[in-house]
Amino acid sequence: MKKATKVMALAAAMVMLAGTLTACGGSGKGGKITFGTNAEFPPFEFVASQGVIDQYDGIDMAIAKNIAEQNGMTAAIENMEFDSLLVALQNGQIDAVIAGMTATDERRETVDFSTTYYTATQVMIVKEDSDIATAADMADKKICVIQGYTGEICVQDMGYPYEAFKKGTEAVMELVNGKCDVVVIDSATAQKYVSDNEGLKIVEDASAFESEEYAIAVQKGNTELLEKINKSIEGMLADGTINELAVKYTEAVSEE
Ligand code: ARG
């Protein structure tokens, strides 16, 4: 009798364990993928009264939600400073980073990146009457960048002095108020700021700024999660979902 109970308990435990394994696929935490982001980067991620994941809305947030759902999991967002994202990923505080993040060689040294889901480039936001026409014209101007963004690295590499701000909106306010001459930032986000503020325009310089590929970061060696993410991204690229999201959020944010 005693022995039978033990056997049954063991069998029940094994059934439960098997259930857990199939339900979670052994990855994510309890069927949840926690994505880290910095929700200061429209149209990819921003805080709204009602977003696709809690108060978080944007192209990336919709992509994150789809990735989780397509794998039978739920998506959670941890909003933090852009600079903290890769450290939080390495610490295991988050499972992945989705933040309009450019897959650079330097970042590849510490994390693994997914398939590219969006291609962008750095551009210059200037006042409508500005005489800046190329990146070289920034030489004697007051330049604003956002701390830790690839735009900062570009300006640094060009050897120009600059001032770094925590948020894109802060840098754009400096420009609007005439305290700086040019903001270097990613193209789609620049479009959003220009449509939200009077008197600004975008200047492109394809010979000075390379194209940048946005990808999702996971911990080095986390191939199980990376494969899930890649499969979802490839599906969303093939069926036009990502294109539709890009169109939707570019229009939606410029109407605000
Ligand atoms: N693409 C740029 C980079 O990787 C800027 C990304 C900023 N993203 C954000 N969510 N604040 O550095």
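Worth a mention:
- Percent RCO, i.e. relative contact order, over the chain, from Cα pairs under 8 Å lying at least 6 residues apart: 24 percent
- Zone residues, the range 65-92, relative to Q156, backbone N less than 17 Å from point 7 Å out along Cα-to-Cβ: 82-87
- Percent accessible area from carbon and sulfur atoms, the chain, protein chains only, probe 1.4 Å: 51 percent
- Helix axis angle, 241-255 relative to the chain longest principal axis, alpha carbon, degrees: 50 degrees
- At full extension, Q55 and Q90 could sit 10.1 nm farther apart than now, given 0.36 nm per residue minus the alpha carbon distance.
- A Förster distance of 35 Å, applied to the separation of the beta-carbon atoms of T134 and A246, puts the FRET efficiency at 0.80.
- Angle in degrees between helix 223-238 and the longest Cα principal axis of the chain, rounded to the nearest 10: 60 degrees
- Of all beta bridges that DSSP places with both ends in the chain, some 65 percent have antiparallel geometry.
- Residue-normalised accessible area of the range 120-243, given per residue in Å² at a 1.4 Å probe: 46 Å²
- Set of aspartates and glutamates near K142 by C-alpha distance (under 14 Å), chain-local residues within fewer than 8 positions excluded: D131, E152, E163, E174, D181
- A simple rule links phi to the HN-Hα coupling: the Karplus curve 6.51 cos²θ - 1.76 cosθ + 1.60 with θ = phi - 60°, which for the range 80-88 gives 8, 5, 4, 4, 8, 4, 6, 5, 4 Hz, with x for Gly and Pro.
- J(HN,Hα) series, the range 106-113, from Karplus relation 6.51 cos²θ - 1.76 cosθ + 1.60, nearest Hz, glycine and proline x: 4, 5, 4, 5, 10, 9, 9, 10
- Once the chain from K167 to A208 is taken as fully extended at 0.36 nm per residue, the excess over their C-alpha distance is 12.4 nm.
The values are calculated or read from the model by the stated rules, or taken from the named source; none is laboratory data. No experiment lies behind these values; they were computed from the predicted model shown. In this analysis, Cβ positions are derived from the backbone assuming ideal geometry, glycine residues included, and neighbour counts consider all displayed protein chains. Heavy atoms of the whole protein, side chains included, go into the accessibility calculation; ligands, DNA and RNA do not. Shrake-Rupley method; radii C 1.70, N 1.55, O 1.52, S 1.80 Å.
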